[in-house]
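The values are calculated or read from the model by the stated rules, or taken from the named source; none is laboratory data. These numbers were taken from a predicted model, which means no experiment stands behind them. Neighbour counts are summed over all protein chains in view; Cβ atoms, including those assigned to glycine, are modelled from backbone coordinates with ideal geometry.
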């Protein structure tokens with residue numbers, strides 16, 4: 001298994017191989033012998049080259065939270081994995097839905113159905129917590145459908161705009 | 001004893017009050033805003049009432065809704081906690097008018113002590129020292145010189161209409177006064193279009209020392225020693241401890257007696273805190289009285305064995321004070337760290353959101369007063385305090401070591417907290433040696449480190465991150481709206497170049 005993890009501005013490739021809790025992990029030039037015991041969903045007991053570590057872990061979206069000892073680390077899986085890898089799991093994403101970050105109101109739609117959008121192009125402005133937020137496209141795509149109009153109230157999970165990634169065609 | 005208590009607050013203090021009520025066998029009613037239905041205090045209470053929308057003005061500060069909820073649920077008393085309505089004299093008076101016991105001092109006492117000028121007059125009458133300063137400006141230089149001599153150097157020049165440190169100067173010696181006054185006048189004139197100046201005693205690196213008091217409804221008043229709360233960020237306390245390293249037996253006795261005199265002069269009843277500033281020479285000056293349970297009250301509980309919240313309730317129900325000074329002594333050392341949902345590595349921005357996983361430290365001498373749990377979503381609408389971590393140990397060094405380990409063992413994943421920041425303060429040599437002043441964080445922590453400085457376990461953490469069980473992620477469900485990847489979910493991590 002190969003994992004790409006971002007830590008701040010740095011990017012690390014971690015390769016793990018083996019089974020039954022006996023693993024070999026490689027980060028760059030360094031190789032570690034790992035003995036893994038899953039204590040719970042959020043707790044891993046690790047023996048790394050014979051030294052014991054307890055790692056508390058959680059994941060949400062592309063974020064991976066890890067605490068070992070007093071240090072907490074936030075890693076992010078790069079987006080390219082989700083959108084760019086054609087033929088991979090990401091290719092199964094036939095469409096991409098644009099929703100609000102929190103309950104709010106649609107202030108202005110910046111695109112209409114059929115528009116081609118570039119990476120970073122504004123799609124819709126939503127007002128939440130008394131502040132306006134512009135939602136931008138993270139991909140090159142075509143606007144497939146617009147489900148809400150200006151003035152509409154939107155909730156978490158609502159899809160305001162559906163995009164069809166350009167890379168799919 | 002009171003029959004049923006409504007707790008007019010939220011978060012950890014609400015949970016704390018509910019626990020005291022449980023100890024006393026008194027049923028509780030929690031109140032909550034629409035944003036707090038899932039909050040811990042709602043789960044802990046016997047009954048709960050929604051008192052309005054998320055906005056504090058419409059819920060936790062809504063006097064009418066709180067009073068009518070108390071009546072509807074047959075409560076004979078209200079505990080206000082701290083913050084929100086706790087020091088609002090109108091709320092206390094309204095409770096009195098409606099025949100509900102307000103667990104705290106009388107409304108008129110809250111009003112009196114909330115007024116800076118009136119309380120300054122009161123302190124003078126009670127012969128309690130206040131920060132010396134000019135009562136009126138002077139027209140000429142001899143007037144300023146005379147005033148400065150009376151106040152005693154170093155003095156601080158302040159502009160009457162001042163703010164933001166403009167025209168403020170510290171003068172150590174009379175020979176520098178004249179030129180400083182002239183320059184401050186020019187600065188004040190250009191900054192505030194007014195060159196009125198006055199002088200005040202300058203306190204070099206003072207400590208914040210406060211005394212806990214308890215007074216019953218019959219005029220009996222005691223103090224339960226001091227707390228030192230010098231570690232502050234923008235006047236917000238973050239670490240508190242007792243005893244203070246700065247007090248000896250004699251000074252403690254003197255300040256404690258003054259605190260009691262303050263309370264008596266104000267006709268105080270219930271629990272309260274008298275705050276002082278203590279300078280390097282052992283001079284102390286009255287700051288203000290907090291007419292409520294203090295956030296940091298547990299350090300006093302741990303060292304004296306007195307449950308202050310239970311004491312508040314017993315006093316409010318009309319009990320005569322059951323302890324005297326002869327029953328009290330300080331045993332061991334206690335430290336409190338306030339756990340906030342904020343990001344010290346990004347300008348202390350508040351960090352709301354879902355706590356994906358948490359694990360509280362436990363063990364001998366560790367106490368958690370908490371308002372959170374794994375899976376709780378910290379709302380954006382309220383104070384970012386999550387919990388208070390406390391330790392007790394035989395002496396200060398043991399307590400510091402215990403706190404260091406307890407903070408390391410406090411795991412909160414999913415939102416940012418100040419836990420690592422608190423730990424860095426606790427192990428700082430100046431903190432360890434007790435050199436704690438209100439300027440401590442400015443002096444030692446003005447440029448705090450960033451995320452990427454944290455590398456001690458980076459390799460091990462990378463391995464762990466690669467091995468996180470997939471069970472922690474909800475299975476993909478086709479057609480479920482939440483499954484759409486929105487730019488908001490990716491925004492925080494999207495970096496170009």
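Apart from one condition, residue B:171 fits all of (1) within 22 Å of residue B:196 (Cβ to Cβ); (2) surrounded by fewer than 20 Cβ atoms within 10 Å (Cβ to Cβ); the exception is (2). Identify all residues within the stretch A:14-57 that are out of contact with any helix residue (DSSP H, G or I) (no Cβ under 8 Å at 6 or more places or on another chain) and at the interface with chain B (Cβ under 9 Å from one of its Cβ atoms); write none if there are none. Listed by number, the residues that qualify are A:15, A:23, A:36, A:38, A:40, A:43, A:51, A:56.
When the residues of the stretch B:130-141 are narrowed to those that are assigned to a loop (DSSP other than H, G, I, E, B) and in contact with a helix residue (DSSP H, G or I) (Cβ under 8 Å, 6 or more places away or on another chain), which ends up nearest to residue B:182 (Cα to Cα)? Before the answer, list the steps.
First, the residues of the stretch B:130-141 that are assigned to a loop (DSSP other than H, G, I, E, B): B:131-132, B:134-140.
Add one more test, that the residue is in contact with a helix residue (DSSP H, G or I) (Cβ under 8 Å, 6 or more places away or on another chain), and what stays is B:132, B:134, B:138.
Numbers: B:132: 22, B:134: 17, B:138: 13 Å.
It comes out as B:138.
Reported count of residues in the stretch B:379-392, each being within 13 Å of chain A (Cβ to nearest Cβ) and either touching a helix residue (DSSP H, G or I) at 6+ places or on another chain (Cβ under 6 Å) or at pLDDT 95 or above (or both), is 2. The set of residues from the stretch B:29-48 being in contact with a strand residue (DSSP E or B) (Cβ under 8 Å, 6 or more places away or on another chain), over 21 Å from residue B:88 (Cα atoms) and surrounded by 24 or more Cβ atoms within 10 Å (Cβ to Cβ) comprises B:39, B:41, B:45. Of everything in the stretch B:314-332 that is touching a strand residue (DSSP E or B) at 6+ places or on another chain (Cβ under 7 Å) and in a helix (DSSP H, G or I), the residue that is farthest from residue B:269 (Cα to Cα) is B:325. Screening the stretch A:108-138 for residues that are facing chain B (nearest Cβ under 9 Å) and surrounded by 15 or more Cβ atoms within 10 Å (Cβ to Cβ) and picking the one that is modelled with the lowest pLDDT gives A:133.
What is the residue count in the stretch B:244-261 for residues that are surrounded by 19 or more Cβ atoms within 10 Å (Cβ to Cβ), in contact (Cβ under 8 Å) with a residue 60 or more places away in the chain and under 21 Å from the mean Cα position of the chain (by Cα)? Count: 1. Of the candidates A:60, A:70, A:77, the single residue that is surrounded by 18 or more Cβ atoms within 10 Å (Cβ to Cβ), at pLDDT below 95 and within 7 Å of chain B (Cβ to nearest Cβ) is A:70.
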